[in-house]
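We did not get these values from a lab; they are worked out from the coordinates using the rules stated. Predicted model only: the values in this text are computed from it and were never measured. All Cβ positions, even for glycine, are placed from backbone atoms using ideal geometry, and neighbour counts span all protein chains on display.
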Amino acid sequence: MRRGGIARSVGVVLAWGCLLGCTRATDTDADDTDTDTDTPVETDSDTTVDTDDTTGPVLPDYQPLDAIDLLVRASLDLRGIRPSIDDLGRVEADPAVVETLIAAYLEDDRVGRRVREMWDEVFLVRDEETFVTLDYFRQRHSLAELARSIGEEPTRMLERIVVEDRPYTEFVTADWTVVNDVLADMWPVDYPAGAQGWQTAHYTDGRPAAGVLSTNGLWWQAGSMLNNLNRGRANEVSRTLLCFDYLNTEIDFTGVGALDSEAALGNAIRTDPACTACHNTLDPLASHFFGFFYYDAQKRDPLDVRVYHPERERLWQTLGGLPPAFHRVPTQGLADLGRTIAADPDYSHCFAKRAWEGLLHRDVLPAERTLIDGHDAAFRAGSLRVRAVLRDIVASDAYRNGGPEYGRKLASPTILSSEVEDLTGFSWTTDDWDLVRAPVTGFGPLVGGVDGIYRSVRLDEPSTTMVLVQKRLAEAAASWVTTHDIVERVETPKLLRIADGSEDPDTATGEQRIRNQIAALHARIVSERVDPAGATVDEELSLFRDVLDQTGRPHEAWAAIVTLLLRDPRLVVF
Amino acid sequence: MRRLWRAGWACVALGCTPGSDAVTDTDTDTDVVDTDVVDTDTDVDTDAVDTDVVDTDLVMGTPVDAGTERSIGVALEGVFAGLTTFDNEPVELAWAAMRDRRILGCNVYTPGDTIRLEGSCSAPDGRRTIGQLERTYTGIVDVDGVSDALRLRGRDFANGRLSQGWATEAVTGRELYFFGMFYLADDDGTVGRINGTFDHVVVSAPSLSARRLFLGGPVEARDAGPTTWSGRGLVPQDLEIVAFSDAEGGVLQVSGSVGGLGGTYDTFTATNGAITRGMACDTEPAGTWSVRRRADAHWFDVVFNPERACDGCGRVMDAGAVVGTVCVTVPQLDTRWAEDP
């Protein structure tokens, strides 16, 4: 490799920091406590205190993104893939066309998948460690199949709601679910005989209709120990659907007696104001989930965990819980809870907030909270159709910000994985695991993946491990696609559609085709136009020649070029 | 004696400590009569409510219709009639099925009177097994042993009759105890499955007998006949039935839940439930008996309080609000409902 190639590679890495904005303010004022919605914590009065000072925090200085960057951002966020060269050309010819293309992207079915992937990071359930024991089921399916299928049930429901333009209320009221053949093999569902893949189905064990709240997929992941009495599950519902996380609530233990026994703890939970402030609302919420409650031995029983248990619904009575209620209003079980949550203002507001955070890949700043109110209003005006709130967010100044503060963001592992797969056809897997995403078998946490176990907070700055994973992914994908396009000489190449490996760089014709191909790769992979006769292509042609000289194999020379481009920071910062 | 039985009723219904006549009132609505009903629904027909038991602090809900009241009553009468069908037989059959198929060769330990199976393994014939289970059989021959092994400590019946009997008479008994989860299936489906804690104790003295059956979770046994509770698809959850009888009469105490009921109501839960024979009010159960309507998973709690009015009627509650009255006919109690373990 010549110096130019090395220097370019090093430059790729060094360029990382500034792409995210070298002048970005610190994030210490970011709100990551989810406490901006009305609190269910009981206080002396029912009023919510606004602690903001009179002037209030100041919005970041949003500056408009240029049309091409906006096109790339919207395409990656809404479809998980980079814009086509054709789309790029249309916007280059007329920047206003970007609005037309964004509108089309919003109608793309891949929006459903993107929302699913964003909510994977909300539910934190797509990990490899389930609460129930899967030993028995592993006699028929791999752990990867099981974990992926179980973890995706909740967000597959959400995907259907998006794709079919159903109201978001169905997420907690529906009598249907979405399962694949792996889940249908384990669970009591009316999955179509002989079908494959994800299909709409219904549980046949008579469980209450409460959408995601009635799914095995959610509760097989989010468990509850015996003494916890479903409180952890209740907090998951509160955190994910209502944006109130009890675990972020400050507790003043001053004056609380010694919690040195089970009895003392139980007494404090019911009587001490420091404890009752949360438990008086948390515990009644928890009491809705005893139909999915398993004693320790039961969670190892494959027949037990697969079905809903009406005979356990009243265990809160004997185990020390409180009657089911939501925000202190008694409810009649799980289905009633679903209806009540669906009607709660925090439910839609929380979705708007989650969608904003998912699209901007960062937490809402205190100054930006009012923006969420506006997106929530748009969501409601759109009859709680998910595309309505996405459309509103994507049109906002905050989303279209290209300024020095918060003007760039990191790609999630799902976007990195899907854009590389779309570009090259390469999926980095082993034993059914997507290595870019999987938290244990793969490298998810190293790339900023959030699974709730190894990472709970999304990565918003580049890291060394992220660069390393991108490098390995780029190498593998480049090797795969160049073999596919050149060695196997397939009819429809994925990337190399100008050059076919027969070009001789020492001939004028051959060099020109190579130059044109390199320029086309820039457009396709990093969405930029470069002059085939310009310095950038000169440098990369030089790298091409070096590799070809050393190996004598054109596909390896192309692999070096593709690797270089796939390692470009713009694949993960946009 | 009859007076003692009458006083003992409170203990049966409300769970006071042995040897005490004090009534521990777990129902906070007691002792105050009817002056200040909180009515949240202007259309409430208060005549529909059991008029002898209206308390302060009661919240009136929207009354259920007469058909619902009748169907709840029918469901409860079915529950009462079915209580004596619960026994230890399916547990033993499930155990025997697994034992007979020689799956015990995987991991078996036999400390003392206990047999313990462990592991997730395949039997030589390819049948699948999974879990861990203990079976303990204990003979009871002395009074001190009785009080521990019976797991009846903290209970008493009929104003101390049980403890008096134990203290003065020679007591014998046996206990069969299972704990854990074990599951065996073959190509035809489940062979046997035991999941939870299962305890069956029987003790007797010349003048009295007492039994405790605890069914902690689901049990399946292929060999269980269609008339057994397991064969009928009933699923107990922490169901405890404690019986006491002597020459004067008897008591059946019930707590816990059972799912898988046929009909409109698929599940019941008993809280401090009791049925009596030879006591002050044998025509009305005690405690709270709740049923779950299958169609919409809606629970109704029926609160009986024979201390106030022995009329066979209880208050129907819906999420804490009074919504009606249910009257039932209680079958004559047969306390000889279980054989020795």
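Points to keep in mind about this one:
- Sequence-distant residues sharing a close amide H with A:THR429 (under 5 Å, placed H): A:LEU435
- Average projection, convex hull of the Cα set of segment A:356-440: 7.8 square nanometres.
- Assuming charge only on the beta carbon of Lys and Arg (+1) and of Asp and Glu (-1), the dipole of segment A:320-474 about its Cα centre is about 180 debye to the nearest 20.
- Within-12-Å neighbourhood charge of A:SER479 [Cβ basis; K, R +1; D, E -1]: -1
- Put simply, segment A:451-497 fits an ellipsoid with semi-axes of 33, 11, 9 Å; these come from the alpha carbon gyration tensor as the roots of five times its eigenvalues, largest first.
- Shielding by partners, peptide A:290-302 (average Cβ within 10 angstrom, other chains): 5
- Applying 1/(1 + (r/R0)^6) with R0 = 41 Å to the Cβ-Cβ distance of A:THR551 and A:ARG529 gives a FRET efficiency near 0.90.
- Per-selection Kirkwood Rh - segment A:190-283 (Cα, Å, 1 d.p.): 16.2 Å
- Value of Rg to Rh for segment A:395-494 (Rh from inverse mean 1/r over Cα pairs, i.e. Kirkwood): 1.06
- Alpha-carbon gyration tensor eigenvalues x 5, square-rooted, for segment A:153-214, Å: 19, 14, 8
- Loop trypsin sites (Lys or Arg not before Pro), segment A:79-144, which have at most 12 other Cβ atoms in a 10 Å radius of their Cβ (DSSP): A:ARG140
- Coupling constants for segment A:551-558 follow from the phi torsions by the Karplus curve (6.51 cos²θ - 1.76 cosθ + 1.60, θ = phi - 60°), and in residue order they are 9, x, 10, x, 5, 6, 5, 5 Hz; glycine and proline get x.
- Scattering profile of segment B:182-325 at q = 0.12, 0.20, 0.21 Å⁻¹ [log10 I(q)/I(0), Debye over alpha-carbon scatterers]: -0.62, -1.25, -1.30
- Helical mean residue ellipticity (222 nm; -39500 (n - 2.57) per DSSP H run of 4+; nearest 500) of chain A: -14500 deg cm²/dmol
- Arranged from fewest to most other beta-carbon atoms within 10 Å of their beta carbon, B:TRP229, A:TRP198 become A:TRP198, B:TRP229.
- Between the C-alpha center of segment B:244-305 and that of segment A:370-390 there is a gap of 50 Å.
- Angstrom value of the Kirkwood radius, inverse mean 1/r, which spans all Cα pairs in segment A:437-574: 16.1 Å
- With neighbours defined as other Cβ atoms within 10 Å of a residue's Cβ, the residues A:ARG497, B:ARG212 order from fewest to most as A:ARG497, B:ARG212.
- The residues neighbouring A:VAL436, those whose beta-carbon lies less than 11 Å from its own, together hold a net charge of -1 under the Lys/Arg +1, Asp/Glu -1 convention.
- Percent of Cα-Cα distances greater than 45 Å, calculated over chain A: 22 percent
- Applying Stokes-Einstein at 4 °C and 1.567 mPa s to the Kirkwood radius of segment A:237-385, computed over alpha-carbon pairs, gives a translational diffusion coefficient of 72 µm² s⁻¹.
- The eigenvalues of the Cα gyration tensor, multiplied by 5 and square-rooted, give segment A:530-572 an equivalent ellipsoid with semi-axes of 19, 15, 6 Å from largest to smallest.
- On Cα atoms only, tilt of A:508-526 relative to the major axis of chain A in degrees: 20 degrees
- Here the Kirkwood formula, the inverse mean of 1/r across different C-alpha pairs, assigns segment A:99-170 a hydrodynamic radius of 13.8 Å.
- Counting beta carbons within 10 Å around each of B:ASP57, A:ASP120, A:ASP500 and listing the fewest first gives the order B:ASP57, A:ASP500, A:ASP120.
- Seen against the Cα atoms of chain A and their longest principal axis, helix A:333-343 is set at about 60 degrees.
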